[in-house]
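Structure first, commentary second.
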Ligand code: ADP
Ligand code: MG
């Protein structure tokens, strides 16, 4: 494992008016690892990823990328720094082709945009190749995204983020809206990304089993604070179910 984390999050506080949604959250994310971010509803998971993806400015605390402090003023800043976020309601348009979704807003043209002609063949080829790298053979990249399964759509959003430079992929509940078979497809996609070794995944989930299947490292949030963190080995002996439940005692 690389010695330096790609992303280092230090003591992030986020207040909404008088309400403290994040109360000093720290975590490190290394290239090639899947880092599961777990916690009950309201724990602060979505708020944390909004801070990491430039949607919210933190009230205090510091984000570092490859050892350098960064301040994201917009989602574009975060994206330029290699933070690629795939939200639950992924931004894919089912009526448009796979290729058009892949390039959405970043189309290749023969001259300066928006005047040049679209290089459709080249975009089709890139889309096909990038999807194949991640395990999905799209025979016709001109097919509408609406013909793809939910798992394949997630994979499209992931392949797109990687192609356009994501070094940290943030996946917010990527399996929660899917059936079992599709869930496994997405987990397999995550394992393929992990196998590349150069990209980190922050995997936000409610699903303890999914997180155990793919994650190398875990951070448990409750009420805006980290209540447990570590690798499988470091968490041995911890009561995972208790951490998942926000630290509450669980009675069988
Ligand atoms: P999670 O994703 O873990 O379910 P969230 O990050 O969505 O949790 O929410 C954490 C807490 O912050 C919740 O109590 C939520 O109501 C509050 N919160 C989130 N966003 C806002 C906002 N924009 N304004 C006020 N409170 C918010
Ligand atoms: Mg959430």
Requested in this report: Take the residues in the range 17-27 that are farther than 13 Å from residue 50 by Cα and assigned to a strand (DSSP E or B), then tell me which one is farthest from ligand 1 (Cβ to nearest atom).
Outcome: 26
Query - Whichever residue in the range 22-40 is within 13 Å of ligand 2 (Cβ to nearest atom) and on the phi < 0 side of the Ramachandran plot and, among such residues, is surrounded by the fewest Cβ atoms within 10 Å (Cβ to Cβ) - result: 40
Query raised in the report: Tally time: how many residues in the range 109-139 are touching a helix residue (DSSP H, G or I) at 6+ places or on another chain (Cβ under 8 Å) and surrounded by 12 or more Cβ atoms within 10 Å (Cβ to Cβ)?
Result: 12
Query - Of all residues making up the range 4-16, the number that are touching a strand residue (DSSP E or B) at 6+ places or on another chain (Cβ under 6 Å) and within 13 Å of ligand 1 (Cβ to nearest atom) - result: 3
Report summary line: Per the list (1) in contact (Cβ under 8 Å) with a residue 40 or more places away in the chain; (2) more than 27 Å from residue 153 (Cβ to Cβ); (3) loosely packed, with under 12 Cβ neighbours inside 10 Å, residue check on residue 17 breaks on (1)
Query raised in the report: Can you tell me which residues in the range 41-65 are crowded, with 17+ Cβ neighbours inside 10 Å, within 11 Å of ligand 2 (Cβ to nearest atom) and over 17 Å from the mean Cα position of the chain (by Cα)?
Result: 43
Query raised in the report: Just one of the numbered conditions (1) modelled with pLDDT under 90; (2) in a loop (DSSP other than H, G, I, E, B) is not true of residue 151; which one?
Result: (2)
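The values are calculated or read from the model by the stated rules, or taken from the named source; none is laboratory data. Only a predicted model underlies this, so the values are computations on that prediction, with no experimental measurement involved. We place every Cβ from the backbone using ideal geometry, glycine too, and count neighbours over all the protein chains shown.
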